[in-house]
1. Can you pull out every residue in region 173-193 that is over 16 Å from the mean Cα position of the chain (by Cα) and either under 14 Å from Arg45 (Cβ atoms) or away from the ligand (no atom under 13 Å from the Cβ) (or both)?
2. Take the conditions within 13 Å of the ligand (Cβ to nearest atom), surrounded by fewer than 20 Cβ atoms within 10 Å (Cβ to Cβ), assigned to a loop (DSSP other than H, G, I, E, B) and not charged (D, E, K, R) and apply them to Tyr102. Does it pass?
3. Would you mind stating whether Val44 is in contact with a Pro (Cβ under 6 Å, 6 or more places away or on another chain) and surrounded by 10 or more Cβ atoms within 10 Å (Cβ to Cβ)?
4. In contact with a strand residue (DSSP E or B) (Cβ under 8 Å, 6 or more places away or on another chain) and within 18 Å of Gly101 (Cβ to Cβ): is that true of Asn155 in this structure?
5. Just wondering, is there one or more residues in region 129-138 that are away from the ligand (no atom under 16 Å from the Cβ) and at positive phi?
6. From Leu202, Leu174, Leu191, Leu187, grab the single residue that is touching a residue at least 24 places away in the same chain (Cβ under 8 Å), out of contact with any Ser or Thr (no Cβ under 9 Å at 6 or more places or on another chain) and closer than 16 Å to Ala129 by Cα.
7. Would you check if there is a residue in region 83-93 being without any contact (Cβ under 8 Å) to a residue 40 or more places away in the chain, assigned to a helix (DSSP H, G or I) and within 16 Å of the ligand (Cβ to nearest atom)?
Amino acid sequence: MKAPDAKNVKGFDHITYEPLRYDENEMLERSRDYFDWLNKRRSVREFSNKPVPKEIIENIILSASTAPSGAHKQPWTFCAISNASLKSSLRKAAEIEEKLGYEVRMSDRWKEDLAHLGTDMYKPFIENAPWIIVAFKRVYEIDEDGSRHNNYYVNESVGIACGMMISAIHNAGLVTLTHTPSPMNFLAKLLDRPANERAFILFPVGYAEDNAYVPKLDRKSIDQVCHFYE
Ligand code: IYR
């Protein structure tokens, strides 16, 4: 007999989960193909200014927003900016922080660790990329009666959503990089965000510039990142 499509669990509606099932060979192939495809993703710093339709950005953000989150609060807000003068303001403000970062705040060791990536205080990608997506974490929510309650596992939840967004951007054939100018409070100010939202990561999104270069780097092997306990 087929199980019912829905049941009541402690007073709440639960629906039947419809799993996507594959046979083992197919699973092996799919998992390998997924890794090969994801392993082609790179953080790209050179962006074309070619426009990207808004609907693609919406789908990318909806994909990110499928992430699991503490108590399913989805404690994130994504701001998607294509307005050229706002992008210029964001670039200017980010470069002020980054200049201080590179000249004052970052240790010599940190700068040595970054040297192979070729980064510096200049952030032309903030103006060149057709879209900037800024992920904000929502630290708390305000009820209709004005009472405030904290969200749960906010950093974990928003971190997972951002990771899923990076995959969605790669899936669309676009590129991004995770930019974390520090401190980031200029983002909430320029984007006029409410007090419960804190900037988390800034993502330029667009096409890679023709002939863009990325640092030559290797990724850790399975033995370097995983211990099996069988
Ligand atoms: N936020 C700076 C510095 C920077 C830090 C790390 I850790 C990187 O992996 C890359 C850059 C910047 O964006 O240049």
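No lab work stands behind these numbers, since they all come straight from the coordinates. Treat the numbers as computed from the prediction; the structure is a model and nothing was measured. Backbone-built Cβ (ideal geometry, glycine too); neighbour counts: all protein chains shown.
1. Asn185, Phe186, Ala188, Lys189, Leu190, Leu191, Asp192, Arg193
2. No.
3. no
4. When the stated conditions are applied, Asn155 does not pass them.
5. No, because not a single residue in region 129-138 is away from the ligand (no atom under 16 Å from the Cβ) and at positive phi.
6. Selected residue: Leu174, the only one of Leu202, Leu174, Leu191, Leu187 that is touching a residue at least 24 places away in the same chain (Cβ under 8 Å), out of contact with any Ser or Thr (no Cβ under 9 Å at 6 or more places or on another chain) and closer than 16 Å to Ala129 by Cα.
7. The answer is yes; a qualifying residue exists.
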